[in-house]
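The values are calculated or read from the model by the stated rules, or taken from the named source; none is laboratory data. These numbers were taken from a predicted model, which means no experiment stands behind them. Positions of Cβ are backbone-derived with ideal geometry, glycine not excepted, and every protein chain shown enters the neighbour counts. What goes into the accessible areas is simple: the full protein's heavy atoms, side chains included, and nothing from ligands, DNA or RNA. Shrake-Rupley method; radii C 1.70, N 1.55, O 1.52, S 1.80 Å.
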Amino acid sequence: MGFFSKDIKTMDDLFVHTLRVIYYAEKQIVQALPAMVNKSSDPQLKQGFRVHLGETKNHVTRLEQVFKLHGQQPTLVDCPAIDGIIDEAEEVAGEVEDKSVLDAALIAAAQSVEHYEITRYGTLIAWAKELGRSDVVALLQQNLDEEKAADKKLTAMAESKVNRRAA
Ligand SMILES: [Fe+2]
Ligand SMILES: [Fe+2]
């Protein structure tokens, strides 16, 4: 179903469609993170990816709760955006040999994933509010808060790496 599919007529349809897109994205991220854990060298980064894998599994579960509260079955809609981000990350990571350069590439890739998720959740929260669904807002907000925290940690790691190299 394309974004401008005729099946989307109301704000509610659009909300559910976007929910299916992020549901697909979160599931792809669960698949992609173990490779990021394996490829990273910095122990703090490795641990960060491990922690976020656990959080991402919870994101999937919370989305399933959102579907349920909204009276919908959790179904997927392909998300070429997240597929592209993950493909690009794998491509770049495959080309880098130096461990600390590879870590920098993994941080950058992970941040593009987090930023993608942050925009989706921001939009979904705004629409859920518009639809008067404060029950699902709370669940979506928990996911958003964890994406933002993950992004902040990645920024801090990127900056400390840069500072270490400059020292
Ligand atoms: Fe997530
Ligand atoms: Fe995330």
Conditions first: (1) in contact with a helix residue (DSSP H, G or I) (Cβ under 9 Å, 6 or more places away or on another chain); (2) open to solvent by 30 Å² or more (accessible area, probe 1.4 Å); (3) assigned to a helix (DSSP H, G or I); (4) away from ligand 2 (no atom under 15 Å from the Cβ). Gln28 passes all but one, so which condition is the exception? (4)
Taking the options Ala81, Ala93, name whichever one is within 15 Å of ligand 1 (Cβ to nearest atom), more than 21 Å from Asp145 (Cβ to Cβ), at pLDDT below 95 and assigned to a helix (DSSP H, G or I). Ala81
Report every pair of residues separated by at least 6 positions or lying on different chains whose Cβ atoms are under 9 Å apart, first residue within segment 47-60 and farther than 20 Å from Leu19 by Cα and small (Gly, Ala, Ser), second near ligand 1 (Cβ under 9 Å from one of its atoms) and modelled with pLDDT of 95 or more. Gly48/Ala150
Please work out if Asp135 is of a type in the set (D, E, K, R), within 15 Å of ligand 2 (Cβ to nearest atom) and either over 17 Å from Arg20 (Cα atoms) or open to solvent by 40 Å² or more (accessible area, probe 1.4 Å) (or both). no
Answer yes or no as to whether Asp13 is under 19 Å from Ala126 (Cα atoms), open to solvent by 50 Å² or more (accessible area, probe 1.4 Å) and assigned to a helix (DSSP H, G or I). yes
List every residue pair whose Cβ atoms sit under 6 Å apart, with the two residues 6 or more apart in sequence or on different chains, where the first one lies in segment 119-139 and is touching a residue at least 40 places away in the same chain (Cβ under 8 Å) and the second, anywhere, is of a type in the set (S, T, N, Q). Tyr121/Asn143; Leu124/Thr18; Leu139/Gln65
Please count how many residues of segment 105-153 are farther than 17 Å from Ala32 by Cα and assigned to a helix (DSSP H, G or I). 30
Among residues belonging to segment 138-167 that are open to solvent by 80 Å² or more (accessible area, probe 1.4 Å), modelled with pLDDT under 95 and out of contact with any Ser or Thr (no Cβ under 8 Å at 6 or more places or on another chain), point out the one that is nearest to ligand 2 (Cβ to nearest atom). Glu159
Name the residue, out of Asp98, Asp103, that is in contact (Cβ under 8 Å) with a residue 12 or more places away in the chain and either of a type outside the set (S, T, N, Q) or under 21 Å from Asn58 (Cβ atoms) (or both). Asp103
I want to confirm something. Restricting to segment 35-86 and keeping residues that are over 17 Å from the mean Cα position of the chain (by Cα) and among the hydrophobic types (A, V, I, L, M, F, W, C), which single residue is least open to solvent (accessible area, probe 1.4 Å)? Phe67
